[in-house]
Each structure stands twice: as structure tokens, then as C-alpha cells.
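The values are calculated or read from the model by the stated rules, or taken from the named source; none is laboratory data. For clarity, every value in this text was computed on a predicted model and none was experimentally measured. Every residue, glycine among them, receives a Cβ derived from its backbone with ideal geometry; neighbour counts consider all protein chains shown. Calculation scope for accessible area: heavy atoms of the full protein, side chains included, ligands and nucleic acids excluded. Shrake-Rupley method; radii C 1.70, N 1.55, O 1.52, S 1.80 Å.
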Amino acid sequence: MGTVSLESFRVDVERLRAEAVAVLGAAADDAGLEQARIEFAGAKSGRLKGIQKLLGGLDGADRPEAGRLFNEAKGAITAALDAAQVRLAGAAAEAAAIDVTLPGLPFRLGHVHPITQTIRRVQEIMARLGFESVDGPEVEDQWHNFEALAIGAEHPARDPLDNFYLAVAQGADPLLLRSQTSTVQIRVMEQRKPPLRIVSLGRVYRPDTADATHYPMFHQVEGLLVEPGATMADLKGVLRFLASSFLGGDVHVRFRPSFFPFTEPSVEFDMEWGGRWVEMGGAGMVDPAVLAAVGYDPAEVSGFAFGLGVERIAARRYGVADIRDFYRNDVRFLQQF
Ligand code: PHE
């Protein structure tokens, strides 16, 4: 006769199973679950193990049924343990997840730099007059920066102290960072036949000491029109339209006699804005020698060209006293525009 009856074994197994399933189902965290696991399913002294040991005390005839009861309970407890693990892992993931109901952080939007804004605005105004926007290289040869513009070898504008010449191989043609956008006049005329209307806005470089009105790198607007019968009156009309559209209101333009090797006659032009005459740039009728140098017939077409500083008109328009502020990359300054 065994020392354990099948009935008492059944009662013990069912009780343990019920208790284990309840405790595991209620475990609130990993530590609680681990404690319950050890108590019920611990390999050495878990309570399931204790029940298993009773099997030896049963009658041989009762053992198959007792073993079945035991395995059933063990399976149920293992399933409850797995379920509790899955439940706690899910809760942890949920706690770590982003709370999509929280308000977002404001995203700081940037905007276009005031110099670029100015460039785009000038391009847009000139486009209304039929001037196509074109680009030219910033590294130039002597032909486009000087010679084709009738700036001869002895001209002081070619002085190494007034230009950024690049180091080139001995005997190679000197290259430099362009000192003016008038280079683009030549590049376009070399490639196209008149009539043409182009505007080119870009960087130019001169070894000036930076101060409130100078910077070793700045931007120019270059305009060029070549057509049969173009005159100084057309030049003045275009400049006045540009100035009025850009600055707002009716801006007057005045010419003062000047000299540029590639225009004849040459002028400096001023704009009257805010009750003051302000120097804006240089201009003139394209010298017939320049037209001839690019293969145009000066008897058939004439043209005008003008150049002005982008920083200068941007400073005017936005009331900026020091052009160095445009390049300091200080958002407190830039975000105002
Ligand atoms: N390129 C001249 C300068 O930089 C300006 C200019 C442009 C003058 C076109 C006449 C015609 O000073």
C-alpha cells in the first residue's frame, strides 16, 4: 500500500495549480514574477517539485493517473508563467513608448539669407524687362577679367595688390578670382549673337580690408543689353525701373561722368532715396572696341552695361549700417529679414 492516496494527491495538485495560476497572474513586476517562479516552479525546492516527490508514495496502479494530473498542472503553471512574462514585457514597452498625445516641440524654420533674397528679387525685376539671368565662373582668366574689357597690361586695376591671383604652374596663363562681374558680359557676347539682354548676379573678390562698407568678397549685379539703337536714355530708364521696383516708390536716378575702359561714355549712377543721393554703381555704353573684340558690328548694334553692389542695395533697403553683419552668421541679425 502506498503512503499517499490518489484523492489527496489530486486535491494537492489542484490546489497548487489554482494558487500558482492566481499568483503568477497577479505578479506586478519582474521581481515579483521571479519570486513566484521560484516558489512554484523552482528546480530545486519549488512547490511543484515537492508535489512531484509525492508520486513515489502512490500505489503503482494509481501512478499513471497521478502522473497525468501532475503533468496537466505543470503545463498550466508553465503557461501561466509565460503569459505573465509576456504581459510584463508589453507593459514595459508601452511605458517606454512615445506619448503621442503630448504637445510637440516647435520646429525652428530657417529662411533665405538677405543677400540671396536680394539677388532673387533683382533677377525677378530684371526678368520683367526681358533680362535673362546668367552665371559665370568665379575663377577667371586675364582675357575675360581684363583684356576683353580693354583693361590693358599696364592698367593699375591689374595690380597683384588689387586682385586675388591664384598660384598657377610656371609659364601658365595667370588666373584670378574675378574682381568684377563684367567678365560675364564678355562670356555671353562670345557665345551669342545680338540682340541680348542679360543680368548676372554673383560673387566678386578684391583684397580690401573689411569695414562697414567693404568686404574682400561681395556680390555684384551686372546688366547688359545689346540691340540696334540702344541709348543712354534706355540705360537710365532700366536703372530707374530697377531702383523703383526694388526700393519702392519713385526713385530718381542721376548720372555723373566717369571712366571705365570698356564703356564710352561712362557714368557713375546715384539714386535718390530717403531725401539723399546715394552712389549705387557704374555704367555706360559698351565701347565699340569691346563689341568688335567679340565679333559684333558696332555699326549695327549698340549696347549699355551697368554694375552695382548687391550688399549696397540690400543695406539700403533693409537699413543695415555695416555690411559685415551679412556675413557674421548671427541668427539674431539674420532672422530679422
Ligand atoms: N565692373 C565695374 C566695377 O566693378 C562696374 C561697371 C559695370 C561699369 C558695367 C560699367 C559697366 O566697378
Original post:
In the stretch 173-193, what count of residues is obtained for those that are in a helix (DSSP H, G or I) and either more than 16 Å from the ligand (Cβ to nearest atom) or touching a Lys or Arg at 6+ places or on another chain (Cβ under 8 Å) (or both)?
Top reply: 2
Original post:
How about the stretch 48-71: which of its residues are surrounded by 13 or more Cβ atoms within 10 Å (Cβ to Cβ), in a helix (DSSP H, G or I) and hydrophobic (A, V, I, L, M, F, W, C)?
Top reply: LEU48, ILE51, LEU54, LEU55, ALA66, LEU69, PHE70
**OP:** Could you please tell me which pairs satisfy a Cβ distance under 9 Å, a separation of 6+ or placement on different chains, a first residue in the stretch 274-299 that is closer than 12 Å to SER258 by Cβ and open to solvent by 60 Å² or more (accessible area, probe 1.4 Å), and a second residue that is outside any helix (DSSP H, G or I) and within 11 Å of the ligand (Cβ to nearest atom)?
**Re:** GLU279/GLU268; GLU279/PHE269
**OP:** Please enumerate the residues belonging to the stretch 1-29 that are among the aliphatic types (A, V, I, L, M) and touching a residue at least 40 places away in the same chain (Cβ under 8 Å).
**Re:** MET1, VAL4, LEU6, VAL13, LEU16, ALA20, VAL21, LEU24, ALA27
Original post:
How about the stretch 81-126: which of its residues are open to solvent by 60 Å² or more (accessible area, probe 1.4 Å), at pLDDT 90 or above and under 25 Å from PHE218 (Cβ atoms)?
Top reply: HIS111, ARG120, ARG121, GLU124
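Each row is one residue, and each column tells you yes or no for (1) more than 30 Å from ARG324 (Cα to Cα); (2) in contact (Cβ under 8 Å) with a residue 12 or more places away in the chain.
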| site | (1), (2) |
| --- | --- |
| LEU88 | yes, yes |
| ILE98 | yes, no |
| GLU140 | no, yes |
| TRP143 | yes, yes |
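Somewhere in the stretch 239-253, is a residue within 30 Å of GLN191 (Cβ to Cβ), open to solvent by 60 Å² or more (accessible area, probe 1.4 Å) and within 16 Å of the ligand (Cβ to nearest atom)? Even if it seems obvious, please write down each step before you answer.
Residues of the stretch 239-253 within 30 Å of GLN191 (Cβ to Cβ): 239-243, 245-246.
Filter once more, keeping what is open to solvent by 60 Å² or more (accessible area, probe 1.4 Å): 240-241.
Add one more test, that the residue is within 16 Å of the ligand (Cβ to nearest atom), and what stays is none.
No, that holds for no residue.
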Subject >> Among residues of the stretch 128-165, those that are over 26 Å from PRO288 (Cα atoms), more than 16 Å from the ligand (Cβ to nearest atom) and under 30 Å from the mean Cα position of the chain (by Cα), counted >> reply: 2
**OP:** Identify, by number, the condition in (1) under 24 Å from PRO195 (Cα atoms); (2) open to solvent by 50 Å² or more (accessible area, probe 1.4 Å); (3) polar (S, T, N, Q); (4) assigned to a loop (DSSP other than H, G, I, E, B) that GLN170 doesn't meet.
**Re:** (1)
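Of all residues being assigned to a strand (DSSP E or B) and farther than 18 Å from GLU124 by Cα in the stretch 203-223, which is nearest to the ligand (Cβ to nearest atom)? Just the residue, please.
VAL204
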**OP:** Could you list all residues from the stretch 110-138 that are without any contact (Cβ under 8 Å) to a residue 12 or more places away in the chain and hydroxyl-bearing (Ser, Thr, Tyr)?
**Re:** THR116
